[in-house]
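For reference, the structure discussed in these notes is given below.
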Amino acid sequence: MGWNIAPFIRRLTVTWMVAAATAALLLASAPVPAQDFITVASTTSTEQSGLFKHLLPEVKKATGIEVRVVAVGTGQALDMARRGDADVVLVHDRAAEEKFLAEGNGVKRYPVMYNDLVIVGPKSDPAGAKGKDVIAALKRIAGAQVPFASRGDNSGTDAAEKRYWKAAHIEPKGSWYRETGSGMGATLNTASGMNAYALTDRGTWLSFKNRGDLVILVQGDRRLFNQYGVMLVNPAKHPQVKKELGQKFIDYLLSPAGQAAIASYKIGGDELFFPNAGSGA
Amino acid sequence: MEDLSASFILALRLIAGGDEELREIVALSLEVSLASTLFACIVGLPAGAFVAIRPFIGRRAVIVTLNALLGLPSVVVGLLVYLLLSRAGPLGQLGILFTPQAIVIAQTILVLPMVIALARQFVDDAWHEYREQLMSLGVSLARAIATLLWDLRYSLLTVALAAFGRAASEVGAVMIVGGNIDGVTRVMTTAIALETTKGDLPLALGLGLILILVVLALNAAVFAVREWSLRRHG
Amino acid sequence: MAKPPIFPIDGRGLTVRFGRVTAISDIDLSIHGTRRLAILGANGAGKSVLLRTLHGLIQPTEGTVTWCGSPLRPPDQAMVFQRPVMLRRTALANVQYALDVHGVEGNEREMRTREALKRVGLTAIANRQARVLSFGEQQRLALARAWALRPRILYLDEPTSSLDPTAATEVERVIHEIQVAGTTIVVTTHVLGFARRIADEIVFLHKGRLLERTPVDRFFSNPQTPEAERFLKGELPWDGISRRSFGD
C-alpha cells in the first residue's frame, strides 16, 4: 500500500532511522560500560615488549579491573597525566617522575620492576663497541663515526641515552648520529635498515622481528638498568581520577602475586622484567 | 619479495582462521569508519547541496575555504580533537577521549569538507538541468535539496565511498584521539602502525592486505550498484 | 480554500538584459483568462525569455509583472519546457511528486495522477523509469504532470518543436484537452501550423520587441507589420540578437 506521508518526510525519516541505527550500533559496540576500567599511561617500549598482553589478563582475574593502556612516549605519558587524561602512570624515567611528583600531579611513586637496556649493532661491530661498558662503547662509536640511530623523542630510553652521552663527555653530532623522533620499534627498524648501532630496551629487542644484521653487543652494565616507577595521578588536582581502582591496580602490581606475574613474562625463555617493588630504587 | 609472499600467506591464514582479535579489529574499523562516513554525509550532503543551490553573500569565500580544508593535515585535526576532548579541555567532562566515539568524531571532522565539496560539485552540475523545472513547480529550498540529493543518489554513493576510504585509511588522528588501546580503540590502521614499529612486518602487511581487500570489496559493490542503476534509470 | 486571483496577468515595460545582451525590451502584455495565446517570432526574438518572465521564473531587469495587481506570484501555474526534466523515478512517481509539492495527498493524489496519465495515454508505462522513456513520451509525461496540477495557466515552451509528427499530434491533442478543461494556454512555437490550430491570438516578437498582437486568423492572412510578413514568408529564421535558447 502507498505511503500517506510525502516522500520528502519519508526520506527524512529513513535517514534518521539509519542514523539512529548506526548510533545504536556504535554504542552497542562500545566496550563494557564506564565503571570498572582505568586508563594507564605508559610507554611504547613497554607496550611493544608485549608485557601488557601478558599482564593485563592477570590483573583482570585478580582485581576485576579492565586496564586500558595508552602507550606513548614518556614525555607524552606524563603530559597526559598532567591533563588528567589518565588515572595511573607507569614509566621509566625517575628524574621526570620525581619532577611530576614535585609539581603535585602524582600521589606517590613506587618502584615496580626494572628491565635493562642494551646496545645493538651490526654483527661485524665496526666500532669495536662490544663489551660490558656502555660509556666506553659510546665513546668508540662516536670516535669511529659509525651510524647510530637514536630515538630523540623525549622518552625514557632517549633520556637514558642522553645521560650516557653526557657521562662520556660527548655531544653526538654529525651525519652518523640519526635522531628518528619515533618509538623504539621504529628506531630499530631504521637501525636495521641502516646497519646502525642503537640503544634499546631488552624487551623490545626480544620481540623485534626485523633484526637484519644486528645483534646485542653491549649488556650487563649496571648503568643500563632501567627502573620503572608507577604513580597514581593526584585526585586532588583531577577529581575524576579513579583513585580507588587506580590504587587497587598499583597495590596489585606491588603485591607478591603481581610481582610474580611480571616475572613470569618471558620471551624464548628469557625474562624481560625484573620485579623490585619495595627496593627503594 | 620474500616478505611480500610471506605476508600474503599470513593474511590468508589470518582471514581463514577467523582469529578473534583480528575480527574485533576489523569490526571496529568498519564501525567507526562507517559511522563517521554516515554522519559526515548526513551533515555534508545537504550542506553541499545548499551551497550549490542557494546564492548567498560570501558564497565564493565558502567554496574557497572548503577547497582549502581539503588539504587540512589530518594530524592537526587529531590534535585539535584531542585538545577538545582531553580532561583539561572544554569537552573533557564527556570523558570520551580514548574511546571509539572520539575516533568517530575525529574522522567525521576529517571527511566532512570532502563530502561537502564533492556534493556541491555534483549538485551544481545537476542544478543547471533541474533548476527551471523545480522552480516552476514552486519547490522550496529544503525540498529542492532533498529532491536533488535523492535523484543524485548513485553519484553521491561514490562520494560516500570516497569519504569511507579516507576515514578508513586514517592513522595519525585516530592514534592521537583513540590511543590505540588494545581491544578498545585499536583499528586496522593503528594496528598496522604498531606491528610495523614492532618490526613484525609480515603481520603488518597481512593486516594491510585485508584492509585493501575491504576497501576493494566496497568499491566493487558501489560500482555494481551504479551499473544496475544506469541500466534501470538511465 | 480561497485562492489568490491570478488574472489578469499584467506585464508592463518588461525588459530583460543578460549582461550586455537585451533579450526583450519594453514589452507590455496582458493576459486574461481563457485566452489561448501563441507567441511567435524568429529564433532569438525573445519568446522563451518573455514566457519565463510572465511565469515568474525570470526577474525582469526593468518593468513589472503583476497578477491581478499583486506582485506576488500565485500558485496554480505550470510550465512545460522544450526539454522535459524528469526525476530518477517512475513516470507515476514524477506526477505524484508535483502533486506532493502542491500539498495534494493520499487518495486525491492517486486519483489525479492516474487520471492525468490516462489523459495523455501513458497508463501502460506508468511504472517505468521516466528517464528511459522516449522523448515524445517524456514530453507527454510533462504534460500529465502539469495537467494533474490543474493549473489556471499553462505555459509551454516549444512543446512540439523537437517531436516527430506522430508525437507532435499527440501532444497537440493533449494541450487542446487541457485548454478545453479550462486552463489558459500560453505557448511559444515556431511551428506555424501548430500555432494556427491551437491559438486564438498571436503575439509576434521581433528582436525583443512586441510588434503585433492580433487574432490568429487576421495575423496569418493579413499581418500588420513588414517583419511579421517576412516571418510568415519564412525569410526571418534567425534574429541574431540572442543566441541563448532556454531549454537547450
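Taken together, the values in this text are just the output of simple stated rules run on the coordinates, not laboratory data. Keep in mind it's a predicted model, so treat the numbers as computed, not measured. Here the Cβ positions follow ideal geometry from the backbone for every residue, glycine too, while neighbour counts run over all protein chains shown.
The table for this structure:
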{"read-out": "Scope segment A:101-145; condition within 20 Å of A:SER279 (Cβ to Cβ) and not hydroxyl-bearing (Ser, Thr, Tyr); matching residues", "value": "A:LEU101, A:GLY106, A:VAL107, A:LYS108, A:ARG109, A:PRO111, A:VAL112, A:MET113, A:ASN115, A:ASP116, A:LEU117"}
{"read-out": "Boolean, B:THR197 is in contact with a Pro (Cβ under 7 Å, 6 or more places away or on another chain), more than 26 Å from B:GLY48 (Cα to Cα) and within 12 Å of chain A (Cβ to nearest Cβ)", "value": "no"}
{"read-out": "Residue list for segment B:172-196, filter: within 26 Å of B:GLY95 (Cα to Cα) and free of Cβ contacts under 8 Å to residues at least 24 places away in the same chain", "value": "B:ASN180, B:ASP182, B:THR190, B:ALA193, B:LEU194"}
{"read-out": "Answer from B:VAL32, B:VAL26 - the residue that is facing chain A (nearest Cβ under 10 Å), in a helix (DSSP H, G or I) and in contact (Cβ under 8 Å) with a residue 12 or more places away in the chain", "value": "B:VAL32"}
{"read-out": "Test: residue in segment B:120-143 that is assigned to a loop (DSSP other than H, G, I, E, B) and either touching a residue at least 12 places away in the same chain (Cβ under 8 Å) or within 13 Å of chain A (Cβ to nearest Cβ) (or both)", "value": "yes"}
{"read-out": "Residues located in segment B:39-66, provided they are in contact with a helix residue (DSSP H, G or I) (Cβ under 9 Å, 6 or more places away or on another chain) and free of Cβ contacts under 8 Å to residues at least 24 places away in the same chain", "value": "B:ILE42, B:PHE56, B:ARG59, B:VAL62, B:THR65"}
{"read-out": "Members of segment A:109-148 that are under 25 Å from A:ASP270 (Cα atoms) and hydrophobic (A, V, I, L, M, F, W, C)", "value": "A:VAL112, A:MET113, A:LEU117, A:VAL118, A:ILE119, A:VAL120, A:ALA129, A:VAL134, A:ALA137"}
{"read-out": "Enumeration of residues in segment C:53-79 that are surrounded by 15 or more Cβ atoms within 10 Å (Cβ to Cβ), within 14 Å of another protein chain (Cβ to nearest Cβ) and in a loop (DSSP other than H, G, I, E, B)", "value": "C:GLY56, C:LEU57, C:ILE58, C:ARG73, C:PRO74, C:PRO75, C:ASP76"}
{"read-out": "Those residues of segment A:43-92 which are under 8 Å from the mean Cα position of the chain (by Cα) and free of Cβ contacts under 8 Å to residues at least 60 places away in the same chain, in sequence order", "value": "A:GLU47, A:ALA71, A:VAL72"}
{"read-out": "Where C:VAL174 falls short, out of the listed (1) of a type outside the set (Ser, Thr, Tyr); (2) in contact (Cβ under 8 Å) with a residue 60 or more places away in the chain; (3) surrounded by 16 or more Cβ atoms within 10 Å (Cβ to Cβ)", "value": "(2)"}
{"read-out": "Looking only at segment A:168-199, and only at residues there that are more than 18 Å from A:GLY75 (Cα to Cα) and hydroxyl-bearing (Ser, Thr, Tyr), the one that is farthest from the chain's Cα centre (by Cα)", "value": "A:SER175"}
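The rows are residues; the columns are (1) acidic (Asp, Glu); (2) crowded, with 18+ Cβ neighbours inside 10 Å; (3) within 30 Å of B:ALA193 (Cβ to Cβ).
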| residue | (1), (2), (3) |
| --- | --- |
| A:ALA136 | no, no, no |
| A:GLN145 | no, no, no |
| A:GLY152 | no, no, yes |
| A:SER175 | no, no, yes |
| A:ALA191 | no, yes, yes |
| A:ALA196 | no, yes, yes |
| A:THR200 | no, yes, yes |
| A:TRP205 | no, yes, yes |
